[in-house]
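Trainee: My questions will all concern the structure given below.
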Amino acid sequence: MCQRPAPMIAPSILSADFANLADEIAKVGPSDVDPGVDWVHVDVMDNHFVPNLTLGLPVVESLLKATDIPLDCHLMITDPGRWAPAYAEAGAYNVSFHAEATDDPISVARDIRAAGGKAGLGIKPGTALAPYLDILSEFDTLLIMSVEPGFGGQKFMPEVLDKVRELRTKIDAEQLKLIVEIDGGIATDTIEQAAVAGVDCFVAGSAVYGGDDPAARVASLRALATAAR
């Protein structure tokens, strides 16, 4: 069995103050209560693939100049083959696109890797995992959505954990180097069950940025995930 990483926390800046993103990211860096988050999750939405419009490549380029924390760019967009490699070229650490947005996920993943990034595949709650189990080696991250993509603050959908368990079994059996990431409704009352199911990286938005002390909230989430693991 491959050595799994310690539980990773990736705050979603979708729930942060968009007028002060650099400062908001700094709040989840190294502190007295936490060593700092592993990734910062950046939700890119185009108002086509999902019914919301957020930020794009120019903002990501600016954030890359403002922080050393790796950026985890989650592209909820149509035509990822055209747009995704540019995020990797800009310096994003991990670039995830949606399986539902392309007929050729392998090609998109290879282009992201060729551009210098890690490649991630996103799966909506209603999308079956089975068609992608044989191409997992093409990816560095598999992002399981535990809400319908498009908006923050939604209720966690525990039924998606069946996919996490299936994925975890496959990874362990074949010793794949793949990070299992989950996004949607992750908070103190849901992170433990996700950790037990086999998640490695936890995206949390309002659970981190919904209070006065984001660093303390990150520390609490990390402790819960670690204990559950």
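Nothing in this text is a laboratory measurement; each read-out follows from the coordinates by a stated rule. Values in this document were obtained by computation on a predicted structure and should not be read as measured data. Note: ideal-geometry Cβ built from the backbone for every residue, glycine included; neighbour counts use all protein chains shown.
Trainee: Treat the count of other C-beta atoms within 10 Å as a stand-in for reagent exposure and order 188, 141 from fewest to most.
Mentor: Fewest-to-most ranking of 188, 141: 188, 141.
Trainee: Sticking with this one: For 139, 151, which order do you get if you count the other beta carbons within 10 Å of each Cβ and list the fewest first?
Mentor: Placing the least packed residue first, the sequence is 151, 139.
Trainee: Additional query: Remind me, what semi-axes does the range 1-93 give for its equivalent ellipsoid, largest first in whole Å, using sqrt of 5 times each Cα gyration tensor eigenvalue?
Mentor: Result for the range 1-93: semi-axes of 23, 17, 13 Å.
Trainee: Right, another one. Under a crude label model (7 Å from the Cα following the beta-carbon direction), how far is residue 100 from residue 175 in nanometres?
Mentor: For the pair residue 100/residue 175, the computed spacing is 3.6 nm.
Trainee: List, in the order given, every pair from 27/124; 155/177; 65/170; 124/170; 118/163; 27/155 whose Cα-Cα distance in the structure shown is over 27 Å.
Mentor: Pairs exceeding 27 Å: 27/124; 155/177; 65/170.
Trainee: How long is the gain from residue 165 to residue 130 if the chain were fully straight, where each residue apart is worth 0.36 nm and the alpha carbon distance is subtracted?
Mentor: 11.3 nm
Trainee: Could I ask something else about it? Provide the gained length on full extension for the span residue 23 to residue 151, in nm with one decimal, where the gain is 0.36 nm per separating residue minus the Cα-Cα distance.
Mentor: Residue separation times 0.36 nm, minus the Cα-Cα distance, leaves 43.9 nm.
Trainee: Once R0 is set to 30 Å, what does the formula 1/(1 + (r/R0)^6) return for the Cβ-Cβ distance between residue 61 and residue 188, expressed as a FRET efficiency to the nearest 0.05?
Mentor: Given R0 = 30 Å and the Cβ-Cβ separation, E is 0.35.
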